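Peer 1: Encoded as structure tokens, here's the structure I'll be asking about.
Since every read-out is calculated from the coordinates, none of them should be taken as a lab result. Treat the numbers as computed from the prediction; the structure is a model and nothing was measured. Methodologically, a virtual Cβ is constructed for each residue, glycine included, from the backbone with ideal geometry; neighbour enumeration extends over all protein chains shown.
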Amino acid sequence: MKNISTIAILNFILISIGLGSCKKELINQVELPNTSLTIEISHEVNGILLEFDSILYQNSSESPYSVSRLEYYISGIKLYKEDSTFLHSDATYYINARNKENKLLVQHVVEGDYTAIEFLIGIAADKNISNSLENTTENINMQWPDVIGGGYHFLKLEGRYLDTAGVNLGYTMHVGTNEMLIKHRKLNINIHIQKEKPAILNCIMNVNEWFQNPHTYNFNVDGNYTMAIPALMQHLKNNGYDTFLIQN
Amino acid sequence: MTPSLYKTKLMACVGMLLLSISCQEETTVNPENNEPTPYSLAIPTGFPKSYLSKENPLTIEGIQLGKMLYSDPILSSNGRSCSSCHLKENSFSLPIFNSWSGTKISVPPHVNLAFRNKFNWTGSEHNLDTLAMGDFEPEFFNTKPDELYKKLSEHSVYPSLFKKAFGINKIEEVPYHQLKKTIAMALAQHIRTMISANSKFDKFKRRELSLNQMEHEGYVIFFSEKGDCFHCHSDPLFSDQEFHNTGLNISYNGSDKGLFNLTQRQEDMGKFLSPTLRNIEFTAPYMHDGRFSNLEQVIDHYNEGVSDDKHVDPLLNKRNGTRKLNLTPIQKQQLIAFLKALSDWDYIK
């Protein structure tokens, strides 16, 4: 590991193995702590567990909508200690809200107290390259074609809504390309990592946040299709800054 | 004898018969001797992991047996073999099969099935190892068990292949269900080796040649928001292996209900498994019921024929708020030129 001494990176590398993550990472540190953190992700709409395929929800622009697909990547996890030193995970996790559970295993977390977490929704530029992830069916289906820039979709949020006339239409909120990488805001946590004591962090996505804060997204006005429309992806990127919260 | 007592005795007899059959099975299946030769599948670059089965690992002998049986009418009493409905020149498909229940089915091709775990238009089958067991039924092979046992055990090659591949010493001692299962497993092994990855497009990706201008324009349309085909027909299998409603209907009858017929869930109405587009040039007519006789009609459908029904997949809603692609006639031709670049001519030789 190169010595990036100015930044207060702890003196080890954090290797994580998760769904669709790269197991071939170099393990270039002598001692890897045998401790880990499990991040359990769940999906809600304003406090109620997400139920697929039924037009149950209202977003800030009051469009009744449903969700038929919610897939995305989480990567670049940073776990902060009180003194602002942090651990940085190299793993990329594929998440499909339709899975019964989405558990991200962050391995080799050094013992201690952690007070905040940061992460990306999407994949940082150095790995957002076609075929850089293992060719699982999920990763293949998340590919962002080479002819439009290559890499992977960061987010696929799809479903139906009723337009102003009550007509049932589809929407596809897709985010991709490096400029649109979503850096999630820092969330406070209270996690004690200790040997032989599994630590779990519950992380909840509020799907409605994609449609609000700062931009009140309106399917009828903004459009129901974001692919190749940077202005619309930018709204989702900005709204995505605070889609998650921590449940203690 | 009272009827119920008669029934009990009958059941006991059947039970004993089953017991004796299963005992025989153990004496004839002896995998310790003559272990078959393991075969490892060459996976083309970019392809996902194959779904290989632990219960039915690939072996040279198993594949050879499956390959012979695939095109041998020995399995049927009506002259049919698998290759009667899965014709090589059609990429191992058949234009139309008319089922006894009156449904028209465009027979899906056998291409890269090793990488899938859902089969048939509605994904009704999940296990390739047992899929072919259904083919012994009257509608397909109408197999007569006695004849099958006789022909197989008197054959010059099969007995030794069954022995080498599956440790079966005497075919005639294997219970019928077990025999069908073994045959299905051999066929599955053969089908798993049927890999197509040598189309013009594959060669283009391997930088062995370039696409001509028409094909290249079509490639861009396919993989960009212009045509937006890739979300469901994702490279390299050209199927995302998921279910979608492509807006073929405004109301649904019979087999057009698709996945709904299996799940009875409204959200599955009219959904079908995305078919591969590899070798699409060889497999007309198109869609589950073969309603489109050529690729022009398919493209016209996506361009301007997608129905207004509320079950249509969100992915078919386009930027302009409609379900139309607005392709020009030349763009349609370009898209078709690209689809034809997915033909693997070596595969059907």
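Peer 1: Roughly what would the spin-label model give for A:Ser60 and A:Ser42, points 7 Å off Cα along C-beta, in nm?
Peer 2: 2.5 nm
Peer 1: About its Cα centre, how strong a charge dipole does the protein assembly as shown have in debye, to the nearest 20, once Lys and Arg get +1 and Asp and Glu get -1 at the Cβ?
Peer 2: It comes to approximately 660 debye.
Peer 1: By its C-alpha gyration tensor, with a ≥ b ≥ c as the square roots of the eigenvalues, how is segment B:188-324 shaped: rounded for a/c under 1.5, else prolate for a/b larger than b/c, else oblate?
Peer 2: It comes out oblate by the Cα gyration axes.
Peer 1: Something else now. May I ask for the distance between the Cα centers of segment B:36-115 and segment B:325-349, given as a whole number of Å?
Peer 2: When both Cα centres are located, 25 Å separates them.
Peer 1: Moving on to the next point. Taking +1 at the Cβ of each Lys and Arg and -1 at the Cβ of each Asp and Glu, which of B:Thr263, B:His216, B:Gln64 sits farthest along the dipole of chain B towards its positive end, judged by Cα position relative to the Cα centre?
Peer 2: Value computed over the given set: B:His216.
Peer 1: State the extension gain, in nm to one decimal, for the chain segment bounded by B:Asn253 and B:Ile74, taking 0.36 nm per residue of separation less the distance between their alpha-carbons.
Peer 2: So the chain would gain 60.7 nm between B:Asn253 and B:Ile74.
Peer 1: To the nearest 500 deg cm²/dmol, what mean residue ellipticity at 222 nm is calculated for chain A from DSSP H runs of n ≥ 4 alone, each contributing -39,500 (n - 2.57), summed and divided by the residues?
Peer 2: -2000 deg cm²/dmol
Peer 1: Excluding B:Leu327 itself, calculate the net charge of residues whose Cβ lies under 10 Å from the Cβ of B:Leu327, where each Lys or Arg counts +1 and each Asp or Glu counts -1.
Peer 2: +1
Peer 1: With the crude spin-label approximation of a point 7 Å out along Cα→Cβ, what separation in nm comes out for A:Leu187 versus B:Lys144?
Peer 2: In this crude label model, A:Leu187 to B:Lys144 measures out at 6.9 nm.
Peer 1: While we're here: When A:Thr177, B:Thr263 are ordered from fewest to most other Cβ atoms inside 10 Å of their Cβ, what list results?
Peer 2: By the 10 Å Cβ count, ascending: B:Thr263, A:Thr177.
Peer 1: Using each residue's phi in segment A:144-156, evaluate 6.51 cos²θ - 1.76 cosθ + 1.60 at θ = phi - 60° and report the 3J(HN,Hα) Karplus result to the nearest Hz, with x for Gly and Pro.
Peer 2: Along segment A:144-156, the couplings run 9, x, 4, 5, 10, x, x, x, 9, 5, 7, 9, 10 Hz.
Peer 1: Identify, among B:Thr276, A:Tyr72, A:Ile182, the residue whose Cα sits farthest towards the positive end of the charge dipole of the protein assembly as shown, taking +1 on the Cβ of Lys and Arg and -1 on the Cβ of Asp and Glu, with the dipole about the Cα centre.
Peer 2: The one lying farthest along the dipole's positive direction is B:Thr276.
Peer 1: Rounded to the nearest 20 Debye, what is the dipole magnitude of chain B about its Cα centre when Lys and Arg each give +1 and Asp and Glu each give -1 at the C-beta?
Peer 2: Here chain B has a charge dipole of around 140 debye.
Peer 1: Place a point 7 Å from the Cα of B:Ser293 along the Cα-to-Cβ direction; which residues of segment B:266-286 have their backbone N under 16 Å from it?
Peer 2: B:283-286, by backbone N distance to the label point.
Peer 1: Given R₀ = 60 Å, what would the calculated FRET efficiency be for B:Lys88 paired with A:Leu49, taking r from the Cβ atoms and rounding to 0.05?
Peer 2: 0.75
Peer 1: Using a simple charge model, +1 on the beta-carbon of Lys and Arg, -1 on the beta-carbon of Asp and Glu, nothing else, what dipole does segment B:60-192 show about its Cα centre, in debye to the nearest 20?
Peer 2: For segment B:60-192, the charge dipole is close to 280 debye.
Peer 1: Please compute the Kirkwood hydrodynamic radius over segment A:32-247, one decimal place, Å, based on all pairs of different Cα atoms.
Peer 2: By the Kirkwood definition, the hydrodynamic radius is 18.0 Å.
Peer 1: A further question follows. What is the distance in Å between the Cα centroid of segment A:125-140 and that of segment A:27-82?
Peer 2: Between the Cα centres of segment A:125-140 and segment A:27-82 lies a distance of 20 Å.
Peer 1: State whether segment B:30-189 is rounded, prolate or oblate according to the following rule on the C-alpha gyration tensor (a ≥ b ≥ c being the square roots of its eigenvalues): a/c under 1.5 gives rounded; otherwise a/b larger than b/c gives prolate, and the remaining case gives oblate.
Peer 2: Oblate, because a/c is 1.5 or more while a/b does not exceed b/c.
Peer 1: Could you list A:Thr115, B:Thr246, B:Thr328 in order of exposure, starting from the residue whose Cβ has the fewest other Cβ atoms within 10 Å?
Peer 2: Taking fewest neighbouring Cβ atoms as first place, the list is B:Thr328, A:Thr115, B:Thr246.
Peer 1: Can you list the lysines whose alpha carbon is less than 20 Å from that of B:Lys332, not counting same-chain residues fewer than 8 positions off?
Peer 2: Here the lysines satisfying the reach criterion relative to B:Lys332 are B:Lys200, B:Lys226, B:Lys318, B:Lys324, B:Lys340.
Peer 1: Could you compute Rg(Cα) / (2.2 N^0.38 Å) for chain B, with N its residue count?
Peer 2: 1.15
Peer 1: Then there is this: What does the extension gain come out to for B:Asn320 and B:Ser99, with contour length at 0.36 nm per residue minus their alpha carbon separation?
Peer 2: Gain on stretching B:Asn320 to B:Ser99: 75.5 nm.
Peer 1: Per DSSP helix of 4 or more residues, -39500 (n - 2.57); summed, then divided by the residues of chain B. What does that give at 222 nm, rounded to the nearest 500?
Peer 2: The helix contribution divided over chain B gives -10000 deg cm²/dmol.
Peer 1: In whole percent, what relative contact order does chain B give with Cα contacts below 8 Å and a gap of six or more residues?
Peer 2: It comes to 20 percent, rounded to a whole number.
Peer 1: Can I ask one more? Among A:His108, A:Asn135, A:Leu201, flag the residue with its Cα farthest along the positive direction of the charge dipole of segment A:32-247, charges on Cβ as +1 for Lys/Arg and -1 for Asp/Glu.
Peer 2: So the residue furthest toward the plus end is A:His108.
Peer 1: Net charge within 13 Å of A:Gly149 by Cβ-Cβ distance, Lys/Arg positive one each and Asp/Glu negative one each, not counting A:Gly149 itself?
Peer 2: Summing Lys/Arg as +1 and Asp/Glu as -1 gives -3.
Peer 1: Within 10 Å of each Cβ in A:140-151, how many Cβ atoms from other chains are there, averaged over the peptide?
Peer 2: Average per residue, whole number: 5.
Peer 1: Separation of segment B:130-156 and segment B:165-243 by C-alpha centroid, Å?
Peer 2: That distance is 27 Å.
Peer 1: A:Lys103 to B:Asn261: FRET efficiency via 1/(1 + (r/R0)^6), r the Cβ-Cβ distance, R0 30 Å, to the nearest 0.05?
Peer 2: 0.30
Peer 1: Still on this structure, please answer the following. To make sure I understand, if each residue's beta carbon is the centre and we count other beta carbons within 10 Å, what order do A:Trp144, B:Trp345 fall in, fewest to most?
Peer 2: Result, fewest neighbours first: B:Trp345, A:Trp144.
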